[in-house]
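What follows is a single structure, written as structure tokens, with notes after it.
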Amino acid sequence: MKMAPSTATLVSLLFSLTSAQKIGTTIPEHHPPLTTYKCSVANGCQAVNTSVVLDAFSRSFHSVSSPSSPCTLGSAPLCDTPESCAQNCALEGVDYGSWGIHTKDDALTLNQWRRDPSTGRITTVSPRTYLLASDGQNYESVTLLNAELSFDVDLSKLPCGMNGALYLSEMELDGGRGVSKGLNPAGATYGTGYCDAQCPPLSFINGAANPSKLGACCNEMDIWEANALATTYTPHPCSATRIRTCDSEATCGQPKGYCDKWGCAYNAYSHGYRDFYGRNKTVDTNRKMTVVTQFVTSNGRSDGKLADIKRVYIQDGKVIKNVVAKVGGGLQVDSMTDGYCNATATWTQERGGIEVMGEALARGMVLIFSLWADDGGFMNWMDSGNSGPCNDTEGNPALIVQHTPDASVTFSNIRWGEIGSTFKA
Ligand SMILES: *[C@@H]1O[C@H](CO)[C@@H](O)[C@H](O)[C@H]1NC(C)=O
Ligand SMILES: *[C@@H]1O[C@H](CO)[C@@H](O)[C@H](O)[C@H]1NC(C)=O
Ligand SMILES: *[C@@H]1O[C@H](CO)[C@@H](O)[C@H](O)[C@H]1NC(C)=O
Ligand SMILES: *[C@@H]1O[C@H](CO)[C@@H](O)[C@H](O)[C@H]1NC(C)=O
């Protein structure tokens, strides 16, 4: 199994020299509104006025006294300790349109590249955004144990090598404003507090500078990582509640660290189904589709243990069942049961398996939408070799930008609630 760098890690590293503290005054922060829906079997779906916020690491981080001077962690005396960074540096608002982030009603579109209208120059934006609660101050707490989440996705403009992701991380709901005590007034309002199961060594953790580059570990549930050619869903449980830091590979991840960096993955193509997902396939990625993920417990109640992560697709009003995977020991399943992970991902079982993922889903996690390309590995782990039909080199971002400079993904109609409440066949 290839290591699956999670959605955001490479992007985080790219921007890891900038991030968090006082709040800048140059660009006002206006969160793009995004309607989402909370559903119950009895009452149907109710619209909620949520919005999205861009991650702090993508923002301008600059000197308070001289806004044109960037702040970089490590540059003394401006920003070399958590205190000096918080004292001297400010995190700026962002112009979402220029970052390739657009919302309309219940739809969110992310673009990978932006062409400057006057110079024609192309820059990489690769946004990672979080769902903010209607208060605009805290992330929405998405609790999915004994529940389901549905969304529509149009990824027809994502070729080999791209990854349009919808996933959950167990970040602090206030972006770390509280735990970082005065060091991070910006908080979730400015997209601070990222963490995931790859334990990225971010320059800021919970908005406080991290000069020793500890890893930011937390539970991660990759509900959707995909382009038009390949898709996978993957829980990455951690032996951590909310964010825990780590200082070496031994404490961060494989083989015995806090987090399951590899995860237990379900990818139809890897199970031998070459005609299930893709352009003009059973699930046709040339057109919008609905993706439903159900987190089913052992006893059918919210006090049960997570026992199964089920997936169906809906297109043209027709429910398309997941493929049946034949895994070890004669087991045949069309969903991610504990037995499936036991047979395919011993490393996940060693960290408590999907049951531990279920505990995080019960506590509440942050919903993340991101779009990225993979400079180091060309996304081969997701869409080439045994995982998909792409070849080893076509996912090179330098090639993608030449033939698909308008690479983008649109997520819409995001609904969650009781099992059976978010969709109709
Ligand atoms: C959401 O926003 C709309 C338009 O601003 C408003 O009419 C509606 O009352 C809001 N809904 C809630 C639940 O606050
Ligand atoms: C998919 O079908 C459309 C319409 O029938 C056709 O134009 C297109 O060439 C097909 N694409 C592939 C990859 O087969
Ligand atoms: C887990 O897998 C091992 C080895 O494949 C097998 O012997 C064992 O019975 C499985 N346990 C469960 C609970 O499925
Ligand atoms: C990989 O795919 C691209 C696009 O289809 C093609 O141009 C290239 O020649 C292929 N490379 C190899 C090594 O097959």
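The values are calculated or read from the model by the stated rules, or taken from the named source; none is laboratory data. Quick caveat, the model's predicted, so the values are computed rather than measured. Neighbour counts are summed over all protein chains in view; Cβ atoms, including those assigned to glycine, are modelled from backbone coordinates with ideal geometry. The area values use the complete protein model at the heavy-atom level, side chains included, leaving out ligands, DNA and RNA. Shrake-Rupley method; radii C 1.70, N 1.55, O 1.52, S 1.80 Å.
Sorted by average packing, counted as other Cβ atoms within 10 angstrom per residue and highest first, what order do 223-231, 151-159, 111-119, 49-57 take?
Highest-to-lowest ranking by the protection proxy: 223-231, 49-57, 151-159, 111-119.
What list of ³J(HN,Hα) couplings, whole Hz, do you get for segment 115-127 from phi and the Karplus terms 6.51, -1.76, 1.60, once you set θ to phi - 60° and write x for glycine and proline?
So the Karplus estimates, Gly and Pro as x, are 9, 5, x, 8, 9, x, 6, 9, 10, 7, 10, 6, x Hz.
Quick one: helix 353-363 against the long Cα principal axis of the chain, what's the angle to the nearest 10°, folded into 0 to 90?
For helix 353-363, the angle is close to 60 degrees.
Within 10 Å, count the other beta carbons around each residue, average over each peptide in 259-271, 87-99, and list them highest first.
Going from most to least packed, we get 259-271, 87-99.
Taking amide H positions as placed 1.01 Å from N in the peptide plane, with prolines and chain starts having none, which residues 5 or more places from Met379, or on another chain, fall under 5 Å of its amide H?
Long-range HN contacts for Met379: Asp374.
Starting from the 7 Å offset along Cα-to-Cβ, what nm value, one decimal, do you get for the label separation of Lys181 and Asp247?
Modelled inter-label distance: 2.0 nm.
How high is the FRET efficiency from Ile419 to Asp105, r the C-beta distance, R0 22 Å, rounded to 0.05?
That pair, Ile419 with Asp105, gives E of 0.25.
Hey, which aspartates and glutamates would be in cross-link range of Lys213, C-alpha to C-alpha under 14 Å, not counting anything within fewer than 8 residues on its own chain?
Asp80, Asp247, Glu249
State, as an integer percentage, the relative contact order of segment 38-158 based on alpha-carbon contacts under 8 Å between residues 6 or more apart.
Rounded, it is 23 percent for segment 38-158.
Ignoring ligands, DNA and RNA, what percent of the accessible area of segment 276-425 is carbon or sulfur (1.4 Å)?
Taking all protein chains in place, segment 276-425 shows 48 percent carbon and sulfur surface.
Report the FRET efficiency, 1/(1 + (r/R0)^6), for Asp406 and Lys281, where r is their Cβ-Cβ distance and R0 is 25 Å, rounded to 0.05.
On the way: r = 23 Å, r/R0 = 0.91.
Computed FRET efficiency for Asp406 and Lys281 comes out at 0.65.
Can you tell me the relative contact order of the chain? Whole percent, Cα pairs under 8 Å, sequence separation 6 or more.
This gives 23 percent for the chain.
Give me the percent relative contact order of segment 159-288, please, defined on Cα pairs under 8 angstrom at least 6 residues apart.
22
List the aspartates and glutamates whose alpha-carbon lies under 17 Å from that of Lys104, not counting same-chain residues fewer than 8 positions away?
Filter leaves Asp95, Asp152, Asp154.
Starting from the Cα-Cα distance between Asp303 and Ala133, subtract it from 0.36 nm times their residue separation and give me the gain in nm to one decimal. Working shown, then result.
Numbers: separation 170, 0.36 × 170 = 61.20 nm, distance 2.49 nm.
58.7 nm is the gain from fully extending Asp303 to Ala133.
Could you check how much of the accessible area of segment 106-239 is carbon and sulfur, as a whole percent, using a 1.4 Å probe?
The computed percentage sits at 50.
Find the lysine pairs in segment 302-425 meeting two conditions, Cα atoms under 20 Å apart and a separation of 8 or more places or different chains, and report how many there are.
Working: Lys310/Lys318; Lys310/Lys321; Lys310/Lys326; Lys310/Lys424; Lys318/Lys424; Lys321/Lys424.
The result is 6.
May I ask you to compute the full-extension gain from Asn49 to Arg115, defined as 0.36 nm times their residue separation minus their alpha-carbon distance, rounded to one decimal in nm?
Result for the pair: 20.7 nm of gain on full extension.
Would you calculate a helix-derived [θ] at 222 nm for the chain, using -39,500 (n - 2.57) for each DSSP H run of n ≥ 4 and dividing by the full residue count, to the nearest 500?
Working: 8 runs with 50 residues, N = 425.
Calculated at 222 nm, the ellipticity per residue is -2500 deg cm²/dmol.
Rounded, prolate or oblate for segment 37-182? Axes are the square roots of the Cα gyration tensor eigenvalues, ordered a ≥ b ≥ c, and the cut-off for rounded is a/c under 1.5.
oblate
By its C-alpha gyration tensor, with a ≥ b ≥ c as the square roots of the eigenvalues, how is segment 89-168 shaped: rounded for a/c under 1.5, else prolate for a/b larger than b/c, else oblate?
Because a/c hits 1.5 or more and a/b fails to exceed b/c, segment 89-168 counts as oblate.
If you roll a 1.4 angstrom probe over the protein chains with everything in place, what fraction of the accessible area of segment 28-67 belongs to carbon and sulfur, to the nearest %?
With neighbouring chains kept in place, the figure for segment 28-67 is 55 percent.
Please compute the per residue accessible area over segment 225-332 with all protein chains in place, 1.4 Å probe, rounded to a whole number of Å².
Value for segment 225-332: 43 Å² per residue.
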